[in-house]
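Here is the structure we will look at, set down as structure tokens.
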Amino acid sequence: MHKPIRVAIVGSGPSGMYAADALISQTAIPVSVDVIDKLPVPFGLVRYGVAPDHLSIRSVRDTLDKVFDKPGVRFVGNVEVGTDISVANLRDFFDAIVFTYGASRDRRLGIPGEDLDGSVAATDLVAWYCGHPEADRATFERLIPSATSAVVVGVGNVAVDVTRVLAKTVGELTHTDMPEYVFDTLRRSPITDIHVLGRRGPAQATYTTKELRELGELLDSDIVVDPADLVFDEASDQLIATDKAIARNVDVVKEWATRSKSGKSRRIHLHFMARPVELLGDERVHEVVVERTELDGTGAARGTGATFVIPADFVVRSVGYRGQPLAGVPFDETRSVIPNLDGRVQDGTQVVAGQYVAGWIKRGPTGIIGTNKKDATASVASLLADVDKLPTAPFATTADFDKWLAAAGVRAVGNEGWRAIDAAERALGATNGRDRTTIATNQDLLRAANLVSE
Ligand code: NAP
């Protein structure tokens, strides 16, 4: 029997939980796993990214949660690696570390006016409506009730999510676990028009058909597509002919282009071949200058110089997520990922012994939740193949690590604390006739975990 190893996983989103599961499910090497997260609660973007009204996708959290029932897997929440404990320090307690902390920041548009008041990153809007403890509540509670026309930049699934949440009636959302203050703010939203901007054509959009279709099925929001926007070049026709998913996406928007407005209170205007080039406003944004684009034959778009203006007092930039560096770990600034070979962290051409990576911080922000299972399992396979070469941690017991955290004044949330938070959220939901209501401040989460009493 091999000697037991201890592994720290940094980040408890899907890739971290799938990595923990892959480690604990094999029997060749005895492993104990600590899944560390800076938040007091696990599951990362499954909790704070998947749209609250997508209940079946959110239910993945039940599957991920079962990993904590397995002997040898601990949740260690409310511990920020890089702040509460350095990576170097972590190596004293673990034989191997797997970085799975995802891509938490937004990509930038790089256009004038991007930082005007009223222009927000989709990552921040999503964090707010999901009840993320670090979300900027005051900004959204001020902006949304004073906006009438919104522009959402991007045609990926995140853009579709935020558009749907802004376009739905509160009645279409009340079955979700959104915090009460989110409903209160959305109830006061005077937004009537939401313009969604795709810089390429309908054959190049990155949303998926199921998510797209929902935009055309809302209770009080019409969908508007200008037939002139449905531009297809030879390369697009080839895509449509060879890729069923793209053909389905195109069929959906073609059908919408034939619809007439039915007089609903809100309208979603889906634009293609349109990219923002400037946000105009004094303090707050009031217009978006949009340039018409054309396809260049290779699937990319180029500007035509022709512009038009969309009135907008709320702009949501939904152009992708971006990974962040972590002190003590190599980082590829160009790709915003941790450089690696088959999940082994690389510093230049050298492999860093005992360090591994999985998920979005390994490959960039792409794919569906399930993509991370294969990805995390592959990284864990590399770790297990290296097991005889791992540096041995000098203080390799859970008690050593817990003692260090306590001495450093870090109040870690363990499995019991998480279970207590989970029960408290379900109880709070029951008082509102829902399955669950998200507890949205760190103080309240720690109180629910019985770690603070005031
Ligand atoms: P995404 O699919 O990469 O979409 C980014 C969008 O931003 C694209 O339309 C892109 O256009 C556009 N864009 C990028 N730079 C731009 C610029 N400078 N100007 C104008 N537009 C620009 O990313 P995402 O929507 O953030 O989603 C991230 C991942 O999570 C995806 O894999 C997504 O499928 C997944 N996700 C899945 C679900 C679900 O399954 N329900 C929900 C949410 C997210 P180009 O294509 O032209 O670059």
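Overview of values
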{"item": "Heavy-atom surface of the chain, accessible at 1.4 Å and reported per residue (Å²)", "result": "42"}
{"item": "Three semi-axes of the equivalent ellipsoid, region 355-405, Cα gyration tensor, whole Å, largest first", "result": "28, 16, 9"}
{"item": "Descending Cα extents along the principal axes, region 205-264, whole Å", "result": "37, 24, 14"}
{"item": "Size of region 229-335 as Cα extents on the principal axes (Å, biggest first)", "result": "55, 43, 30"}
{"item": "Tail fraction, Cα-Cα pairs, region 330-375, threshold 15 Å, whole percent", "result": "40"}
{"item": "Highest average packing first - 60-66, 125-131, 49-55, 238-244, Cβ atoms within 10 Å", "result": "125-131, 49-55, 60-66, 238-244"}
{"item": "Pairs of Cα atoms farther than 19 Å apart, region 58-216, %", "result": "66"}
{"item": "Separation of alpha-carbon centers, region 101-139 and region 2-79, rounded to whole Å", "result": "26"}
{"item": "Pairs of Cα atoms farther than 22 Å apart, region 105-321, %", "result": "48"}
{"item": "Local electrostatic count at A300 - Lys and Arg +1, Asp and Glu -1, tallied over other residues with Cβ under 12 Å", "result": "+1"}
{"item": "Histogram of C-alpha separations across region 306-454, 5 Å bin width, %", "result": "2, 8, 10, 11, 11, 15, 17, 12, 7, 4, 2, 1, 1, 0"}
{"item": "Net charge of Cβ neighbours under 10 Å - reference I310; Lys, Arg +1; Asp, Glu -1", "result": "-2"}
{"item": "q = 0.20, 0.23 Å⁻¹: log10 I(q)/I(0) that the Debye formula gives for region 100-156, counting C-alpha atoms only", "result": "-0.89, -1.14"}
{"item": "Kirkwood-Stokes translational diffusion coefficient of the chain, alpha-carbon pairs, 20 °C, 1.002 mPa s, µm²/s", "result": "91"}
{"item": "Net charge contributed by nearby residues that have their C-beta within less than 14 Å of G13 (K/R +1, D/E -1)", "result": "+3"}
{"item": "For peptides 411-422, 206-217, sequence by mean Cβ density within 10 Å, most packed first", "result": "411-422, 206-217"}
{"item": "Region 157-252: radius of gyration over Cα atoms, expressed as a fraction of 2.2 N^0.38 Å", "result": "1.26"}
{"item": "Within the accessible area of region 53-199 (1.4 Å probe), percent carbon and sulfur", "result": "50"}
{"item": "Highest-first arrangement of 136-149, 33-46, 251-264, 435-448, where packing means the average Cβ count within 10 Å", "result": "33-46, 435-448, 136-149, 251-264"}
{"item": "Whichever lysines have a C-alpha closer than 18 Å to that of K168, once near sequence neighbours (fewer than 8 apart) are set aside", "result": "K210, K261, K264"}
{"item": "Kirkwood-based shape ratio for region 154-198, expressed as Rg/Rh from alpha carbons", "result": "0.99"}
{"item": "Pairwise Cα inverse-distance average, inverted: Kirkwood Rh of region 35-81 (Å)", "result": "11.5"}
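The values are calculated or read from the model by the stated rules, or taken from the named source; none is laboratory data. Remember, predicted model here, so these are calculated numbers, not experimental data. We place every Cβ from the backbone using ideal geometry, glycine too, and count neighbours over all the protein chains shown. Note: accessible area is taken over every heavy atom of the protein model, side chains too, but ligands, DNA and RNA are not part of it. Shrake-Rupley method; radii C 1.70, N 1.55, O 1.52, S 1.80 Å.
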